[in-house]
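For reference, the structure discussed in these notes is given below.
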Amino acid sequence: MDTKPDSQNDRRNTPARTLLKKGIQEAWCSCGYSSKQPFCDGSHRQTPFKPIKFTPDEDREVLLCMCKQTKNPPYCDGTHTSISPQV
Ligand code: FES
């Protein structure tokens, strides 16, 4: 696997509203193969992608990217609105 899964079959094109906890390290899935979206489950191991690890500095609700095309990972930047579904 060297490409991300297509948008129609393996990932959703709407961001995941997620409550993050201060000081708890998270690993956002960048490959799109995780079954624990939006977080990494190790499925990237056969791909060139790696998870984005981050630790929130406060409790807060965020929108995490699910289309995996954001330019501000792990956060949604609205790119999903310009992605056409694959047919
Ligand atoms: S499963 Fe996607 S980055 Fe780990």
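What the table below lists for this structure:
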quantity	calculated
One residue from Asn72, Asn13 being away from the ligand (no atom under 15 Å from the Cβ), under 15 Å from the mean Cα position of the chain (by Cα) and at pLDDT below 95	Asn13
Selection count where residues are without any contact (Cβ under 8 Å) to a residue 12 or more places away in the chain, farther than 21 Å from Gly23 by Cα and part of a loop (DSSP other than H, G, I, E, B), scope segment 63-83	3
Residues of segment 38-69 satisfying the condition of being among the aromatic types (Phe, Trp, Tyr) and over 9 Å from the mean Cα position of the chain (by Cα)	Phe49, Phe54
Pick from segment 33-62, criterion β-branched (Val, Ile, Thr) and within 9 Å of the ligand (Cβ to nearest atom), ranking: farthest from Gly23 (Cα to Cα)	Thr47
Residues of segment 20-56 that turn out to be part of a helix (DSSP H, G or I) and more than 15 Å from Pro73 (Cβ to Cβ), as a count	3
His44 being at pLDDT below 95 and either buried (at least 17 other Cβ atoms within 10 Å of the Cβ) or hydroxyl-bearing (Ser, Thr, Tyr) (or both)	no
Cβ pairs under 7 Å, 6+ apart, first in segment 37-58 and touching a residue at least 40 places away in the same chain (Cβ under 8 Å), second surrounded by fewer than 17 Cβ atoms within 10 Å (Cβ to Cβ) and of a type outside the set (Val, Ile, Thr)	Gln46/Met1; Thr47/Met1; Thr47/Asp2; Pro48/Asp2
One residue from Ser7, Ser30, Ser35 being under 13 Å from the mean Cα position of the chain (by Cα) and at pLDDT below 95	Ser7
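The values are calculated or read from the model by the stated rules, or taken from the named source; none is laboratory data. Small disclaimer: the values here were computed from a predicted structure and weren't measured. Neighbour counts run over all protein chains shown; Cβ positions are idealised from the backbone, glycine included.
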